[in-house]
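Q: One structure coming up, written as structure tokens, with questions to follow.
The values are calculated or read from the model by the stated rules, or taken from the named source; none is laboratory data. Everything numeric here is computed off the predicted structure, so don't read it as measured data. With ideal geometry, Cβ positions are generated from the backbone for all residues, glycine too; neighbour counts draw on all protein chains shown. The protein model used for the area step is the full one, side chains on, heavy atoms only, and it has no ligands, DNA or RNA in it. Shrake-Rupley method; radii C 1.70, N 1.55, O 1.52, S 1.80 Å.
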Amino acid sequence: MSQQPTPTSLRNFLIIWLGQLVSAIGSQMTTIALEIWAWEVTGKATTLALVGFFGLLPSILITPISGVIVDRFNRKLLMMLGDTVAVLTTIVLLFLYINKYLQIWHFYVAAAFVGTFSQFQYLAYSASISLMIPKQHYTRASSLDFLSHHSAIIIAPALAGYLYKVIGLFGILLIDISTFLVAIFTIFLVQIPQILQTEENQKQDTFWQDLRYGLRYLSAQKSLLNLLLANLLFFFAHDLGDSLYVPMILSRTGNNTLVLGNLIIAAGFGGVMGALIINKWGGFKNKIKGVFLGIIGVGLTKIVFGLGRTMWVWIPPQFLCSLSFTVSGSSDNAIWLAKVAPNVQGRVFAARSLLLQLASAVAVLIAGPLADNVFVPAFREGGSLVGILGGIFGTGTGAGIAMLYVICAVCMFLVGLGGLSVRSLRNLEKNTPDYDEVEV
């Protein structure tokens with residue numbers, strides 16, 4: 001049985017989690033402010049989608065290397081490095097804005113730079129969870145990450161929506177910088193266990209052999225590979241639709257940022273409620289059921305959301321969508337933490353992340369052009385789909401984007417149904433032992 005540090009409590013994890021929560025609030029505020037600024041300047045969905053694409057592209061390129069580095073080097077320092085690069089990049093954007101040099105392409109460069117180093121931070125953090133807490137808390141710890149994300153969603157939009165008009169992008173960037181410093185300090189405060197070097201660990205492959213290890217591992221673990229394939233299909237559809245979220249709402253409401261803020265807050269409350277339920281309940285005993293029931297819930301609620309046209313129709317499905325996403329994601333993360341040994345999690349999680357990011361990159365790259373060049377024109381006055389589907393989606397820019405959004409939601413719903421119907425996925429937890437139950 002592989003020897004690893006024995007986790008004893010949630011204390012250190014909770015300290016780091018609190019720092020990441022504060023940082024997430026600042027980052028979410030900046031993201032919203034930049035999206036509003038970019039939409040005001042260009043009015044194009046492609047512009048916003050490209051920011052996401054350029055954030056993913058370098059991360060995709062660096063992911064295989066980052067997985068090897070996370071398994072070989074100090075994970076605490078790597079986490080601090082990711083946050084440090086993010087705060088320095090925000091400072092550069094602030095300087096450009098103050099001196100009236102800030103342009104759209106600066107966002108692309110900044111997203112690329114931060115995306116590269118945030119990959120190290122993300123993998124180091126993910127691969128440290130199983131070293132810091134007992135196995136019975138994996139689902140709860142995963143739900144706390146969703147709690148952090150969605151708590152930021154509750155707080156940040158209200159702050160960004162109002163502060164954007166009061167202190168502008170300048171003030172919001174300053175707040176973001178201060179929250180990154182808090183995150184770095186909390187990581188500095190705690191001790192993060194490192195992998196114990198056993199005779200097996202010391203017989204490492206070369207660096208270049210390690211680059212391929214994660215993919216070899218996944219190809220050998222058929223059940224985990226099937227779960228990953230289901231996630232690839234889900235996140236491709238999800239991220240394609242998610243790239244259209246802000247343009248769809250703004251175009252439907254005449255650039256009403258308060259409506260956008262209220263909807264994002266509803267999403268935050270849904271995610272927080274889902275995380276609190278998971279923490280109190282502990283999650284599904286059969287975690288794979290939680291994964292796919294959650295995906296079905298996400299698909300159904302997004303279908304309803306895409307068909308809506310007003311804030312009061314949007315709020316309930318938005319709330320339930322985030323709740324479902326938290327249930328699914330917490331269950332999925334707990335499976336991977338339990339099945340993959342900590343000493344190889346960096347490389348395996350990197351391979352998993354690489355494939356998911358490739359799917360996301362393709363999705364966000366095609367989302368804007370599909371909306372701007374295919375669906376939006378079809379719903380303009382005299383468009384090819386106005387007579388057929390205009391009664392369902394309406395007309396204009398928002399209608400075209402909404403139809404593509406609903407198509408993505410239907411695909412997510414079908415992925416959830418398909419996952420529950422495939423026997424190898426339903427029986428994944430029975431057929432694949434936990435890492436600490438395997439003799440080596």
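Q: At q = 0.06, 0.10 Å⁻¹, what is the log10 ratio I(q)/I(0) for the chain, with the Debye formula run over Cα points and no solvent?
A: -0.25, -0.70
Q: Calculate the spin-label point distance for residue 185 paired with residue 95, positioning each point 7 Å from the Cα along the beta-carbon direction, and give it in nanometres.
A: Roughly 2.4 nm, to one decimal.
Q: Here is a further query. Taking square-rooted eigenvalues a ≥ b ≥ c of the alpha carbon gyration tensor, is region 71-116 rounded, prolate or oblate, where a/c under 1.5 means rounded and, failing that, a/b exceeding b/c means prolate?
A: Since a/c reaches 1.5 but b/c is at least a/b, the shape of region 71-116 is classed as oblate.
Q: Accessible area per residue for the chain in Å², computed with a 1.4 Å probe and the full protein assembly in place, what is it? Don't skip to the end; give the middle numbers.
A: On the way: 18610 Å² over 440 residues.
Solvent-accessible surface per residue comes out at 42 Å².
Q: Oh, and also: With +1 on the Cβ of every Lys and Arg and -1 on the Cβ of every Asp and Glu, and nothing else charged, how large is the dipole of region 271-359 about its Cα centre, in debye rounded to the nearest 20?
A: My answer is approximately 160 debye.
Q: Show me 295-304, 276-285 ranked by packing, highest mean number of other Cβ atoms within 10 Å first.
A: 295-304, 276-285
Q: Dipole size in debye (nearest 20) for the chain around its Cα centre, Lys and Arg Cβ +1, Asp and Glu Cβ -1?
A: Computed charge dipole of the chain: roughly 560 debye.
Q: Given a 1.4 angstrom probe, I'd like the percentage of the accessible area of the chain that is carbon and sulfur, rounded to a whole number.
A: 67 percent
Q: Can you work out the base-10 log of I(q)/I(0) for region 232-278 at q = 0.16, 0.30 1/Å, using the Debye formula on its C-alpha atoms alone?
A: The computed values of log10 I(q)/I(0) come out as -0.59, -0.96.
Q: How large is the helix-only mean residue ellipticity at 222 nm for the chain, computed as the sum of -39500 (n - 2.57) over DSSP H runs with n ≥ 4, divided by its residue count, in deg cm²/dmol to the nearest 500? Don't skip to the end; give the middle numbers.
A: Working: 18 runs with 354 residues, N = 440.
It comes out at -27500 deg cm²/dmol, rounded to the nearest 500.
Q: Among 307, 342, 64, which residue has its Cα furthest toward the positive end of the charge dipole of the chain, with +1 on Lys/Arg Cβ and -1 on Asp/Glu Cβ?
A: 307
Q: Select from 186, 124, 266 the residue farthest towards the positive end of the dipole of the chain; place +1 on Cβ of Lys and Arg, -1 on Cβ of Asp and Glu, and compute about the Cα centre.
A: Result: 266.
Q: State the Kirkwood hydrodynamic radius of region 330-440 in Å, one decimal place, computed from all pairs of distinct Cα atoms.
A: 17.5 Å
Q: Between residue 166 and residue 424, what length in nm is gained on full extension when 0.36 nm per residue of separation is reduced by their alpha carbon distance? Show your work: numbers first, answer last.
A: Working: separation 258, 0.36 × 258 = 92.88 nm, distance 5.47 nm.
Working it through step by step, the gained length comes to 87.4 nm.
Q: What chymotrypsin sites (Phe, Trp or Tyr not before Pro) does region 80-135 have in DSSP loop regions with at most 13 other beta carbons within 10 Å? Can you show the working numbers first?
A: Details: sites: 95, 97, 101, 105, 107, 108, 113, 117, 120, 122, 125; in loops: 101.
Sparse-neighbourhood loop chymotrypsin sites (Phe, Trp or Tyr not before Pro): 101.
Q: Which of the listed residues, 390, 407, 431, is farthest toward the dipole's positive end in region 389-440, when Lys, Arg count +1 and Asp, Glu count -1 at the beta-carbon?
A: Projecting each Cα onto the dipole axis, the largest value belongs to 390.
Q: Follow-up. So what's Rg/Rh here for region 49-141, counting alpha carbon atoms and using the Kirkwood radius for Rh? List each step's numbers first, then the result.
A: Values: Rg = 15.7 Å, Rh = 14.5 Å.
Radius of gyration relative to Kirkwood radius: 1.08.
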